[in-house]
Structures are given as C-alpha cells and as structure tokens.
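Peer 1: This is the structure I want to talk about, given as structure tokens.
Values in this text are rule-based calculations from the coordinates and carry no lab data. It should be emphasised that the depicted structure is a prediction, and the values quoted were computed from it without experimental measurement. We place every Cβ from the backbone using ideal geometry, glycine too, and count neighbours over all the protein chains shown.
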Amino acid sequence: MTSNIVHSSCLDSKMTKHERQWYQSFTEAIERMYMRFLLVTTLYVMEPWERYLVLTIAFLVITLVTYSAIVFIPFHVANIIRSTVPILTDVLLY
Amino acid sequence: MTVRDPTPVPEHPSLEEVYEATPFSEAFWTYVNYIILNIFGWFRDFLRRTRIENRKGSAEYNPSGFVPLYQSYESFYTRNVYQRIADCFNRPIGGVPGGKLDLMERVTEDYNWSFNFTGNKITTINLGSYNYLGFANNNGPIADNVIESIKENGLATASSTQEFGNLKQHRKLESLVAQFLGTEDAIAFGMGFATNALNISSLCGKGCLILSDELNHTSLVLGARLSGAVIKVYKHNDMKHLERLLRDSIVSGQPRTHRPWQKILIIVEGVYSMEGSLCKLPELIELKKKYRAYLYLDEAHSIGAMGSRGRGVVDYWKCDVNDVDVLMGTFTKSFAAAGGYIAGKKELIDHIRINSHACAYAISMSPPVVEQIISVLNLLIDDDETREGRKRINQLAWNTRYFRQRLSKMGFIVYGHPHSPVVPALLYSPSKIAAFNREMLKRGVSVVTVGFPATPLVLGRVRFCLSASHTKEMLDDVLKYAEEVGDLLNMRQSKLNPKKPFHETELIAH
C-alpha cells in the first residue's frame, strides 16, 4: 500500500516540474522508513487492528516511561547532589 | 525463439561457490520476527478458542484415545504464519508458463483465508518456472507433433509398463535418452518423484549403506528410507566429511554384526535447487573409485541446462559418463514434459525393468508426453551450432552469466555456483519474503519466495529461475525492479560486493 504511493509518485515526479522535488524526497524517505519499520516489527503481515493494538501498547509504554522519568528523576538527582556535596567539601578541605 | 544477444559477456572472476556469512542484524531481526509471530499466534489462537473470533481454518476435535491427525506445531505455523502471507503462494495461472506468464488476479476480503477472482489477468515476466530451455509453448512444431501423436496413440496407455504399457514410442524414447546421455541404455517412468522413491529400493536393501547429501530432495530421502538400508548424511558438498564417513563405515561394517557392507551407494544431485550449488563430480568419482562405492546422480535440474552441449553436470565437468553408475533425471524441467528416467549400463537397466515397483504397478508415460520429449531430444541431440537446440543452450548460458554477475555486483547476497541457472538471493525474514513477492508483482514480475520449512529458519530467500526464453530486455527490467525493491527492503547488504546502482554494473567485454 505504501510503496504504491512511492512507485506512482516516482513516475509522476519524472514527468512534472522540478519544484515538486524538494518535498518529494522527504516524503519518499518517510515512506521508506515506515516500510522498514513495518518489516522489522512484522507488522507488515498483520491485520490493521493488530497494527493499531501494537502501536497503542508501544505508545502507552513509552508514555509511562517518559512520565516517570519527568516526575522522578529531578528529585532523585537533587537528593544525590545534596547528600554528597557537603561530604565532598569536608573531604577536600581536610 | 528470440535472437541471441551478440555482445559477449565476460566470464566470472572466480568459479568458486561463495556463501557469504549472514549479517548479524538480519539474523537478529529475523529471530525477533519469529518471536513476534509466535506471540501473535498464541494470542489469536486464544481468541479463536474462546470464540471471540471466528475459527476459519480446519480444526480437529482431538477425541481421547485417538492419535492426533495434525502435528501441533506444524498446524500452528500454518495457521498463524503461512496463512497471513498465503496470497504469495499457490497462485493460479491463466496460460502457458513461458517467458511471460498470465496470472489470474485475486482479491481477498478476509485476509488470505479465502480468495475471489476479479476476472482480470496480470501479464508478468516469469522467473518462477523451471523452464530452463524455454520449451514451454502451446504452439510451434513440437506442439504439432504432440497433437499428431494424440491422434495416433491416444491419451493414455492405461496399463503398467510390464503389462501392456510399453509402446514402440517408449522404446524409441529410451534409446534416444541413452544416445543423448552417452550411456548403454535407459528407462523412462511417468513421474519424476516416483522414479527416485520407487527405484532406490530395487538397487539397495538391508545390509547396504546409503551416504546422502544433507540437502537432497524429499524424493531421494523417501526412496532411501523405503529401501531399508542404513542411511548416513554428510554435510553439503563436504568431500572431507564424506571421506571420513566412508572410511569409518568400511572399517566398522554393518551396525551390530560388523560384517562388510553389501553395497555402498552415494546419492548426490547435479544442481541443488534451493542453493543453486553444483556437486563436485570429479572428486566424487575419485572417492568412489578409491573406496569401491557406487554413485547415484540425480540430474533433475541440471539435464539440458548445464554443460556446453546440454548433457548435464557430467558434460559440464567433462567427466566420463561410464564412471557414474546410475544417472537419473527428470523431464519436467528442461524438456517441458513430465516424468523421469534412469540411465546406465544395460545390466542395470534390465534389472530395473524387471524389479522396479514403478514398472510393475505404475501406469506408464502418456503418449503425447512421450512425443514432446522425443521432439525436444531430437532438437538437443543435434550438435549443429546454428540449429534450435544449441541456440537455446547457449542463450541460457549467456543469461546465467549476465544475470548472476549483475545481480551480485548490485549488492545482493547471492548463493550458488556462478554457472547454475537457479539464482537464490537471500531475504532472511518472513515479512520480507511477503514484501518482495508483492512488490515485484506490482511491477509485473512473478518470482518464487521461500521460507521455513523449505529453507533453514533464518535464511528465507527469493529464487530466480532463468530461462532461454528471457531476452536481455526482460532481464534488464527485472534487475531494475529488483534494485528498487531491494532498496525499499534494505536487502543489498553484501560486504563482498558493496552495493552499486544498476547503471554502474554494466558488464564490459574485453
């Protein structure tokens, strides 16, 4: 389905003006990356509802990880710095 | 018949068979693909069992006390992996499979569980048929001969060879085959698979040893098992392993009694169709003479296609035909007919005539098929360079050299011997197998892509079968499309031949 677009747009772009080229290669690159993603994760052979399911689960996992990173990492980093810097200055001065 | 292209193509730089190592990323992602397919298979099977989803395939009830009909993992694989890409396999054709093939167009509404024909025919360049010499036509002088023979001899002999099925035509075919190959006598059977499966047991029995190559065809494996001999398998084309096995077996003798073996038979194929590799015939003959074993050579894919005169691998390696004890071949591939033959010394063929299961029980070859093979053989026996037979053999050799060199220069990982007309290019993962097939079909080329279980798990491949009916323009089109699709699928990852665009791979004749 995606490569149909690539193939027909390849033929079109050779016939139409040069101005279409600047975003043509960009869309082609996106199509190519999408095709490779589908092939590597075997979503190419799955039915559409399976694709949505996998993408949803992947999106949820990424959101979960990002949320916990945003919420918890600053506190822990500040905690570590607060608890080690006074000890470091004591060690260096003496 | 197409005109032969006049520009000579340079010979390959080296005639060694090179099997490039699998790139790590491809192997890794292929295993990941199979894991994902397994997980989805369990998920879908769960949905089907709890009837959330309709069960479309066949399923058995498994009543207790009965042996299950289907092996469980095999049917799991068929339901969940094969069925998803089933539109790539078993496509119905709408015409003669020559250089160009008409495919019936089909659409599926429920994701490859059932198909409907739209009524259209798609004309494609055919790289999937074993039509090596291009004799698959439905018009021309050979087809006229066949029609004449139907009027004279009918459509079927309706009898086995030992009863009333041996017509004058069959004797003529057998003597022509013997003349073509240079042996004393030959015998022909109606089915190529059956030639192997039913005749090995008339050559070997209990107390014999069969040494067979790892990648031998199912018919040879079945025939060897049916014979009841002890079977040992050696690694593909590995002569050192074969010699070690021979020495160990001769020294230790039969399994429990340690008596000497009655007979040792080495079974090899001329051209292996999945790898595209050739057997190493000179070394095999030397081994066979040294250890006094017998050699059975299955030339299914190489008869007519290899050799400067088309006589098969024996002609290609310039060996003596009398050194190979049993020459077997099929008429399905280069002769565009059906059936198989065995050729060798007269004593051997007389023995097979009396003792073979196929002669006693199987119906003999149908007369129009015999006439087709006789007409093709008459063309091929002719050694004149300007006549049809030689032109086709030379065209096939030219096509092979041209296509293989350009394909490997473009960066594809290609297996096999540089002179074999079977060209496998590796794809590795199951989703790429489906993608390559469908993309090439959109561009008007029909190819055969194979995966597990016909090949090892990680090594899915596409197998191009070249033919003398392909012109240079057809091959150029195929190469250009293969370049496009190869870029889309990230296939061109060869390290030995880094990838180059199509126009840079021009072959310059010196």
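Peer 1: In terms of the ratio Rg/(2.2 N^0.38 Å) built on C-alpha atoms, what value belongs to the stretch B:141-381?
Peer 2: Relative to the 2.2 N^0.38 Å estimate, the stretch B:141-381 comes out at 1.02.
Peer 1: Across the Cα atoms of the stretch B:31-86, what radius of gyration and what greatest pairwise Cα-Cα distance (Dmax) are found, in Å?
Peer 2: Radius of gyration, then largest Cα-Cα span, for the stretch B:31-86: 12.3, 38 Å.
Peer 1: Could you give log10 I(q)/I(0) at q = 0.20 Å⁻¹ for the stretch B:63-180, computed by the Debye formula over C-alpha point scatterers of equal weight, without solvent?
Peer 2: At q = 0.20 Å⁻¹ the computed log10 ratios are -1.12.
Peer 1: Another question, if that's okay. Enumerate by residue number the GluC sites (Glu not before Pro) in the stretch B:463-510 meeting two conditions: DSSP loop (anything except H, G, I, E, B), and at most 16 other Cβ atoms within 10 Å of the site's Cβ.
Peer 2: Of the GluC sites (Glu not before Pro), the ones in loops of the stretch B:463-510 whose Cβ has at most 16 other Cβ atoms within 10 Å are B:Glu506.
Peer 1: Give the share of C-alpha pairs in each 20 angstrom bin for chain B, from 0 to the last occupied bin, in whole percents, shortest bins first.
Peer 2: Spelled out per bin, shortest first, that is 20, 52, 27, 1.
Peer 1: Please label the shape of the stretch B:314-380 as rounded, prolate or oblate, based on the square roots a ≥ b ≥ c of the eigenvalues of the alpha-carbon gyration tensor (a/c under 1.5 means rounded; beyond that, a/b larger than b/c means prolate, else oblate).
Peer 2: In terms of gyration-tensor shape, oblate.
Peer 1: Using the structure shown, select from B:Lys280/B:Lys318; B:Lys100/B:Lys500; B:Lys442/B:Lys500 the pairs with a Cα to Cα distance greater than 22 angstrom.
Peer 2: B:Lys100/B:Lys500; B:Lys442/B:Lys500
Peer 1: Any idea which of B:Asn394, B:Gly416, B:Tyr428 is furthest toward the positive side of the dipole for the stretch B:367-444, if Lys and Arg beta-carbons carry +1 and Asp and Glu beta-carbons -1?
Peer 2: B:Tyr428
Peer 1: Could you work out the pair-distance distribution P(r) of the protein assembly as shown from its alpha-carbon pairs, with 20 angstrom bin width and percents rounded to whole numbers?
Peer 2: 17, 45, 29, 7, 2, 0
Peer 1: Calculate log10 I(q)/I(0) of the stretch B:236-298 for q = 0.22, 0.25, 0.27, 0.30 Å⁻¹, where I(q) comes from the Debye formula with a single equal point scatterer on each Cα and nothing for solvent.
Peer 2: Debye curve over Cα of the stretch B:236-298, log10 I(q)/I(0) at q = 0.22, 0.25, 0.27, 0.30 Å⁻¹: -0.92, -1.09, -1.20, -1.36.
Peer 1: What is the Cα convex hull volume of the stretch B:64-117 when expressed per residue in Å³?
Peer 2: Hull volume normalised by residue count: 133 Å³.
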